[in-house]
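Here the structure comes first, spelled out in structure tokens, and everything after it is commentary.
Read-outs throughout are calculated quantities, based only on the coordinates presented, and are distinct from any laboratory measurement. Treat the numbers as computed from the prediction; the structure is a model and nothing was measured. Don't worry about glycine lacking a Cβ; one is built from the backbone with ideal geometry, like all the others, and counts go over all protein chains shown.
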Amino acid sequence: MNSLESLTSQARVFASRWGFALLDRSPPALAGELPGKIAGKWATNLFMETRRGGRDLPVGIPAGATAKPVRDGEKVRNVYVWGKSGPMVVLVHGWGADSAAMCSLVRPLRQRGYRVVAFDGPAHGSNQGRRTTMTEFVASVREVLERFDPAAEVRAIVGHSLGGLAAVAASKLSQRVPERMVLLSAPSCLNEALRSFVGFWGISSRIEQQIRKELSRSHGVPIEHWDVRTLASRDRFPALVLHDQDDSFVPFAQADIVANALGSTARIELTKGLGHARILADQRTTSLVADFVAGAQAA
């Protein structure tokens, strides 16, 4: 991010926090619940945003990948594939990221003989739109699992951040279940993501209740539905939960909740000093993921 983009982002944060505070202080006796509803709608749109800033930059095919169509794809028309044969490993990026964010995992997985598949979620990467819902995101993961090369073995699914939560939900709903699962920096529930969002933007409990109503309407289910404790298939497959102790977006205490939800087959590996995103670029982490997918025990 250059200095101009950084200043623009800071100005937007300041203006939004000021706007939420102003709407929250509007006297209900004069304006009824309208200010709260306006703030709730505004905040909900912000929460569902996948892109920020000005004009979207064009997104091409990740380096070394080949674009392949998804049969009868609705949420996902194409996936990006590295390798022509071998069991598949499906990579699921986080919210606001795209398939390229997961590319650091491609080489170590290919070295162990796996065919790697990544994709851009709804309103992410090469797909149109600026907002989506967890319902749509989960549907896109499920679509890739079920409709891309359905005869192939799915060795593992690897999800980062909210992509990890989506991977858990899709694996529960899909008839095509991966043999292993890896979750990096994943929150235990969408509620946790909302709590972080509310804290960052300084949103009051009054406006938060409006956000919850808007999210339930747009997602088709209450926000509490998206929770690994109810969505995870316990002891169904070996799982590796990776989390950094200095993650400022998703507290590392979430790793225990996620691992417990996945059952006795889940193992936790903590890192230090990598934060929420750089955990994907760390060579030790990517090697650990690839070894686990290949069947090695976590440290």
For this session: Sort Ile223, Ile207, Ile268 so the one with the fewest other Cβ atoms within 10 Å of its own Cβ comes first.
Result: Ile268, Ile223, Ile207
Exercise. Counting other Cβ atoms within 10 Å, which trypsin sites (Lys or Arg not before Pro) in the stretch 174-273 have at most 13 and lie in a DSSP loop?
Worked result: Arg234, Lys272
Problem set entry | Tensor-based shape of the stretch 66-124 (alpha-carbon gyration tensor, a/c under 1.5 rounded, otherwise prolate or oblate) | oblate
For this session: Calculate the all-directions average of the projected area of the stretch 72-229's alpha-carbon convex hull, and give it in nm².
Result: 9.4 nm²
Problem set entry | Peptides 136-147, 159-170 ordered by average Cβ neighbours within 10 Å, highest first | 159-170, 136-147
Problem set entry | Global form of the stretch 116-186, assessed from the alpha-carbon gyration tensor, a/c cut-off 1.5 | prolate
Exercise. In terms of the Cα gyration tensor, with a ≥ b ≥ c the square roots of its eigenvalues, is the stretch 198-262 rounded because a/c is under 1.5, prolate because a/b exceeds b/c, or oblate?
Worked result: oblate
Seminar exercise, completed: Quick note on Val221, Val81, Val92, ordering by fewest other C-beta atoms within 10 Å, gives Val221, Val81, Val92
Exercise. Taking a point 7 angstrom from the Cα of Glu49 along the C-beta vector, which residues in the stretch 127-151 have backbone N less than 19 Å away?
Worked result: 127-134
Seminar exercise, completed: Most exposed to least, judged by fewest other Cβ atoms within 10 Å, Cys103, Cys189 sort to Cys103, Cys189
